[in-house]
Structure formats: structure tokens, C-alpha cells
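Encoded as C-alpha cells, the structure appears first; notes follow it.
The values are calculated or read from the model by the stated rules, or taken from the named source; none is laboratory data. What you see is a predicted model; the values in this text were computed from it and never measured. Here the Cβ positions follow ideal geometry from the backbone for every residue, glycine too, while neighbour counts run over all protein chains shown.
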Amino acid sequence: MKLTALIAAGTCALALPVHAQDRADWPSSITIGTGSQGGTYFGYGSGFGAMISEELGINAGAEITGGPVQNVTLVETGEHQLGFVTLGPADEARRGESPLMPGTPHENVRALFPMYQTPLQAAVLASSDIESFQDLQGKRVGVGPAGGTSATYWTRFFENAEGYDDVTVSNAGGSDTAGQLKDGLIDAFVYAAGLPTGAYSQLAVENDVRFLSMDDETRSTMKEIVPAMSDFTIPANTYEDQPEPLETTSLWNFAIAHQDMPEDLAYEITKLAMENNDRMVTNHAAAKDTLPENVQFNTVIPFHPGAARWFEENGYDVPTVE
């Protein structure tokens, strides 16, 4: 009987998936650094966390943060196991230029999978006299939470572009900033988030809104100030009150983890995101770009070996990052 039981136990072990046999070093829970409520990161991360919990058996929770600048540092220090970043802040942090930890290169961060592009966006109330970016001179402008992609790059634009020296910048989460615009506390709401952005969608439903499109000069200036930016067009009717496409710039987003994340866990998380696009899109519409072929757009963060293994096994070339 003992021999029979031993053989049966061995058979069951062989039948288990490889990752199920190698979970001794997996954490019982992970925290996902996202962004503010009303932003894309939080909706995307809440849904993906539920997928991880359900499919991988790990309690995964999305945490509200200040966005990519904070997320990359939280992963670097090991306070968060998973986070979402735009490549601009991630690259700067890796080179020791993070405003949260200046002079400290973030060398422990590793990329997992591509998410989507984050376009810069801008809206004012339709009753406003602001019809172009040049009209923001002397105005009160909400730029999103301090430390986030939006606040980082819009503030940098206003500080370095000619003709914006008198802009007054304020910080708050996406939903709160939309509320401030509605209440007349600010004159414009500029942001950076995947499409459609919840805070803008709600704002446009509840109010008459005008969305601003970048002219060639504004777009060129933004790309000069932030070389990681690229041209982007927001499709017409992404929001109510937006019948025409909007020209702007954008940054790619990637999910990141600490280099000490177990290789099998990084593999399974990457696999979950890359092989279930239909379900990812139910988390947030921006996930339509959460596709394996977009792995090519990260050339600044080294890939986690577990993530790289999934891409290579499935025929995708992983960029080499020094």
C-alpha cells in the first residue's frame, strides 16, 4: 500500500503545471503600484490584480499612488512587487535622476510587458476663452498628482517652453482636478493617461467641454523637452464634445517588477497579460495595445529573465538594454 501511495503521489506531482511545482519562493500577496483614482493605471491595475488573484492564486491588490515616478521607486526599494511606469520617468530613475531619490540609480527595476501609450491631453470648459495651448499663459492649470507622469512632463513643458512662464500649476488626482475645473478653481485640466481617461469621460458627460489639440510648434517643443515623446493622434469621439481628432504626443507604458521577483512568477504574470488580451480590454479599453509585438518599444529598462523567456518562447525579439 505504501508503494502504491508513493506512485500515486508521484503521478499527481507530474500532472501539475511546472509553475505550480515551483511556488515555494512565491509571495502570498503582491501590491501593484498604479496611480490616482480616475486615471487609467488604477482601473487597469485593479482589473489585472483580480486576474492575478484568480489565475495565479496570489492576493494581488492595486494601490493608489502618485503614478510612474513614485511607482518606479517603490519597486526599486521593494515596497511594491509590481508597478506601472511610463518609459520617460523609468529611464530617468534608472540613470539616477528620479526627483524622489536623486543621485540613486534605480538598478533593480525590470520590465515585464508592454501596456499602452499615454497621450498628453488637455481640456477646458466650453465657456472658457482658452482655445489653444498658447492661451494658457497666465492661467491656473491642473496637471494631475505630484510625482505622476502628467505633473512631471506638463510642469517641465511650462517651465521650459517659451511663453508659459506665468502659468500657475496645481496638483491633485485626476478626478479631483476635473472637479476643480468644473467648480472654476482652475482654468484648464491637462493630464497624461491612457484612452479613454475616466476623469475626462465623466467631465465631458457632465459639462460642455473643449479639448485642445497641439499645433506643430507645441508638439515639436514638447518632443524637444522630452525626447522620449512621440507623435500621437487621439481619435475623434474618444470623448463627448470631441468630434475631431486631437494631435498630441505620448509615452509608452510598461509593467515593471523588482529583479528579485521569482523567475517563474514573472513568467506567469507576463503570460497572463500577453495571452488574454480580450480580458485585459475589459479591465480598461487602453489594453487593446497590451500586445506582445509592442515589446519592441522598451529600450530603456532591462527585461526580467522570466518575462524575456515568455517573449522568446513565443517568437518575439526582446530588445537588449545595457
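Some points to look at:
- Restricting region 183-227 to residues that are within 25 Å of residue 280 (Cβ to Cβ) and in a loop (DSSP other than H, G, I, E, B), the residue that is modelled with the lowest pLDDT is 194.
- Being buried (at least 23 other Cβ atoms within 10 Å of the Cβ), closer than 22 Å to residue 142 by Cβ and touching a residue at least 12 places away in the same chain (Cβ under 8 Å) is a description that does not apply to residue 73.
- Any hit, region 254-267, residues being closer than 19 Å to residue 71 by Cβ, of a type outside the set (Asp, Glu), assigned by TED's automatic domain parsing to the domain that holds residue 48 and assigned to a loop (DSSP other than H, G, I, E, B): yes
For every residue, the table says whether it meets (1) in contact with a Gly (Cβ under 7 Å, 6 or more places away or on another chain); (2) modelled with pLDDT under 95.
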| site | (1), (2) |
| --- | --- |
| 31 | yes, no |
| 37 | yes, yes |
| 58 | no, no |
| 62 | yes, no |
| 72 | yes, no |
| 78 | no, no |
| 98 | no, yes |
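- Close pairs from region 25-53: first without any contact (Cβ under 8 Å) to a residue 12 or more places away in the chain, partner surrounded by fewer than 21 Cβ atoms within 10 Å (Cβ to Cβ), Cβ under 6 Å, at least 6 apart: 53/59
- For region 295-314, the tally of residues that are within 16 Å of the chain's Cα centre (by Cα) and over 24 Å from residue 108 (Cβ atoms) stands at 0.
- When restricted to residues that are at pLDDT below 95 and of a type in the set (Gly, Ala, Ser), region 39-56 contains 2.
- Boolean, residue 79 is in contact (Cβ under 8 Å) with a residue 40 or more places away in the chain, assigned to a helix (DSSP H, G or I), out of contact with any Pro (no Cβ under 9 Å at 6 or more places or on another chain) and charged (D, E, K, R): no
- Residue satisfying all of: in region 269-289; modelled with pLDDT of 95 or more and surrounded by 24 or more Cβ atoms within 10 Å (Cβ to Cβ); nearest to residue 223 (Cα to Cα) among these: 287
- Scope region 183-205; condition under 15 Å from the mean Cα position of the chain (by Cα) and buried (at least 23 other Cβ atoms within 10 Å of the Cβ); matching residues: 191, 192, 193, 194, 195, 197
- Pairs linking a residue in region 109-132 that is farther than 20 Å from residue 187 by Cα and touching a residue at least 12 places away in the same chain (Cβ under 8 Å) to a residue that is among the charged types (D, E, K, R) and buried (at least 24 other Cβ atoms within 10 Å of the Cβ), with Cβ atoms under 7 Å and 6 or more positions apart or on different chains, are 109/76.
- When 57, 61 are checked against the criterion of being of a type in the set (Gly, Ala, Ser), in the same structural domain as residue 280 (by TED's automatic domain parsing) and more than 19 Å from the chain's Cα centre (by Cα), a single residue qualifies: 57.
- Failed item, numbered, when residue 272 is tested on (1) within 16 Å of the chain's Cα centre (by Cα); (2) under 18 Å from residue 41 (Cβ atoms): (1)
- Picking from residues in region 297-322 that are among the polar types (S, T, N, Q) and closer than 20 Å to residue 272 by Cα, the one that is surrounded by the most Cβ atoms within 10 Å (Cβ to Cβ) is 298.
To keep it simple, each residue is scored yes or no on (1) under 18 Å from the mean Cα position of the chain (by Cα); (2) surrounded by 16 or more Cβ atoms within 10 Å (Cβ to Cβ).
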site	(1), (2)
117	yes, yes
132	no, no
141	no, yes
145	yes, yes
151	yes, yes
156	no, no
169	no, yes
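- Residues in region 92-115 that are hydroxyl-bearing (Ser, Thr, Tyr) and surrounded by 15 or more Cβ atoms within 10 Å (Cβ to Cβ): 98 only.
- Looking only at region 119-130, and only at residues there that are of a type outside the set (A, V, I, L, M, F, W, C) and in contact with a helix residue (DSSP H, G or I) (Cβ under 9 Å, 6 or more places away or on another chain), the one that is surrounded by the most Cβ atoms within 10 Å (Cβ to Cβ): 121
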